[in-house]
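Inspection log for the structure reproduced underneath, given as structure tokens.
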Amino acid sequence: RKLMLDRRHARNGHLARRLLASGRYTDQDWERIEQTKERLMQWPGGIEYLRCEGWPMEQVVTEARRQHELGHCDVLIVDYLEKASMSTRQLKRFRSDGYHREADDVEQLKVFSENTGVRVLTLSQFNKDGKSETRRENLSGRHIRGAGEKIEKSNIAVLLHRDRAIDGEYEGGVEI
């Protein structure tokens, strides 16, 4: 949760992640942090981070359904889809085949979304080739780790690529 909030703060406040991790702020940094907090607090609704390391997707979907029934979940974002654990059902069905398990996880999320109307966004890592690709126009679905069925079961796949700055980039004298 702290890491996610720090990342959110870094993005919206144009603050270096390193600065937030260090906790060593100048008066100017504090002012920027407070301005960012104030701006973020004005957003309608809320964001809840649910830590579910080691959970199988069935457990994630069960909790999302419970939160939706309480009126607390209108969008579900699953960060790092590959980290979900294999359930007993999946272990019997797929044995150690992680790629089919991931496709099954996507199918579970898709069914949850269709049944509840909750929009679901899943985030996945690039494979080694995708991580080393320097030109965004060369990226394709094959660069997503374990892509195959996982991409086929998704309604849409979006590939995001952040250009790397060789010597860092600066805005207002601050490295971003």
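The values are calculated or read from the model by the stated rules, or taken from the named source; none is laboratory data. The structure presented is a predicted model; accordingly, all values stated were derived computationally and were not measured. So basically every Cβ, Gly included, is an ideal-geometry build from the backbone, and we count neighbours across all protein chains shown. Surface areas here come from the heavy atoms of the whole protein model, side chains and all, with no ligands, DNA or RNA. Shrake-Rupley method; radii C 1.70, N 1.55, O 1.52, S 1.80 Å.
For the residue pair ARG89 and GLU149, what label-to-label distance in nm results when each label sits 7 Å from Cα along the Cα-to-beta-carbon direction?
Result: 1.4 nm between the two label points.
Order MET41, MET4, MET57, most accessible first, counting only protein heavy atoms with a 1.4 angstrom probe. Before the final figure, lay out each step's value.
Numbers: MET41 160, MET4 60, MET57 0 Å².
From most exposed to least exposed: MET41, MET4, MET57.
Say the cut-off is 20 Å between C-alpha atoms; which of LYS83/LYS128; LYS110/LYS150; LYS83/LYS153; LYS110/LYS131 go over it? Display every interim value, and only then the final one.
Numbers: LYS83/LYS128 17 Å; LYS110/LYS150 11 Å; LYS83/LYS153 18 Å; LYS110/LYS131 27 Å.
Distance filter (> 20 Å) returns LYS110/LYS131.
If Lys and Arg each add +1 and Asp and Glu each add -1, what is the summed charge of the other residues whose beta carbon sits under 13 Å from the beta carbon of GLY23?
Working: positive: LYS2, ARG17, ARG18, ARG24; negative: ASP6, ASP29.
Once positives and negatives cancel, what remains is +2.
Please state the shape class of the chain: rounded when a/c is under 1.5, otherwise prolate if a/b exceeds b/c and oblate if not, all from the C-alpha gyration tensor.
Since a/c reaches 1.5 but b/c is at least a/b, the shape of the chain is classed as oblate.
Classify segment 60-148 as rounded, prolate or oblate, taking a ≥ b ≥ c as the square roots of the eigenvalues of its Cα gyration tensor: rounded when a/c is under 1.5, otherwise prolate if a/b is larger than b/c and oblate if not.
oblate
Taking square-rooted eigenvalues a ≥ b ≥ c of the alpha carbon gyration tensor, is segment 1-93 rounded, prolate or oblate, where a/c under 1.5 means rounded and, failing that, a/b exceeding b/c means prolate? Before the final figure, lay out the partial values.
On the way: a/c = 4.32, a/b = 1.94, b/c = 2.22.
Judged from the Cα gyration tensor, segment 1-93 comes out oblate (a/c at least 1.5, b/c at or above a/b).
Looking at segment 1-60, which GluC sites (Glu not before Pro) are DSSP coil and have at most 11 other C-beta atoms within 10 Å of their C-beta?
Working: sites: GLU31, GLU34, GLU38, GLU48, GLU53, GLU58; in loops: GLU48, GLU53.
Passing both the DSSP loop test and the Cβ count: GLU48, GLU53.
In square angstrom, rounded to the nearest 10, how much accessible surface does THR116 have for a 1.4 Å probe?
Result for THR116: roughly 30 Å² accessible.
Would you list which lysines come within 18 Å of LYS37, measuring only between C-alpha atoms, while excluding same-chain residues fewer than 8 positions from it?
Cα-Cα hits under 18 Å: LYS2.
Nearest 5 percent is fine: what portion of the DSSP beta bridges confined to the chain is antiparallel? Before the final figure, lay out each step's value.
Numbers: 3 of 8 bridges.
Of those bridges, close to 40 percent are antiparallel.
Sort out for me the Cα centre separation of segment 47-90 from segment 1-44, rounded to whole Å.
Taking the Cα centre of segment 1-44 as reference, the centre of segment 47-90 is 27 Å away.
Are there any chymotrypsin sites (Phe, Trp or Tyr not before Pro) in segment 31-134 that are in a DSSP loop and have at most 12 other Cβ atoms within 10 Å? List them by number. Could the numbers behind the result be given before it?
Working: sites: TYR49, TYR80, PHE94, TYR99, PHE112, PHE126; in loops: TYR49, TYR80.
Those satisfying the criteria are TYR80.
Just to make sure I understand: if all protein chains stay in place, what is the order of ASP6, ASP74, ASP105 by accessible area at 1.4 Å, largest first?
On the way: ASP6 25, ASP74 115, ASP105 0 Å².
So, going from the largest accessible area down, we get ASP74, ASP6, ASP105.
So which aspartates and glutamates can LYS92 reach, going by Cα to Cα under 18 Å and dropping same-chain residues fewer than 8 places off?
Counting by Cα, and skipping residues close in sequence, LYS92 has these aspartates and glutamates nearby: GLU58, GLU102, ASP104, ASP105, GLU107.
Accessible area per residue for the chain in Å², computed with a 1.4 Å probe and the full protein assembly in place, what is it? Mind dumping the intermediate values first?
Details: 12760 Å² over 176 residues.
Spelled out: the 1.4 Å probe surface of the chain, per residue, equals 73 Å².
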